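A short write-up of the structure that comes next.
The values are calculated or read from the model by the stated rules, or taken from the named source; none is laboratory data. All of these numbers come straight from a predicted model, not from anything done at the bench. Positions of Cβ are backbone-derived with ideal geometry, glycine not excepted, and every protein chain shown enters the neighbour counts.
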């Protein structure tokens, strides 16, 4: 006996609504359900996308300006020169460094 496809959909929808109601009534999951419900209500996906685009278009120029400032606005500066200082070894330290690597 074939099963009506509409019956499967309504049955699944009914079970899903029952599960959702059970989650809303649960003491431990009720706050999470409320937060998700509010997020969807205020169209949180769109707002978070807009926020990430604004953050990206604001932070990237600030990083570029900060790099230029800390490099002294030099035309031949690289990120490695600004972020990582060059090692300073003297002749007296060289044998100690070689002994430590053996």
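Restricting attention to segment 25-41, report how many residues are over 28 Å from the mean Cα position of the chain (by Cα) and in a helix (DSSP H, G or I).
Counting residues in segment 25-41 that are over 28 Å from the mean Cα position of the chain (by Cα) and in a helix (DSSP H, G or I) gives 1.
Between 86, 74, 12, 99, which is modelled with pLDDT of 75 or more and either exposed (fewer than 10 other Cβ atoms within 10 Å of the Cβ) or within 33 Å of the chain's Cα centre (by Cα) (or both)?
74
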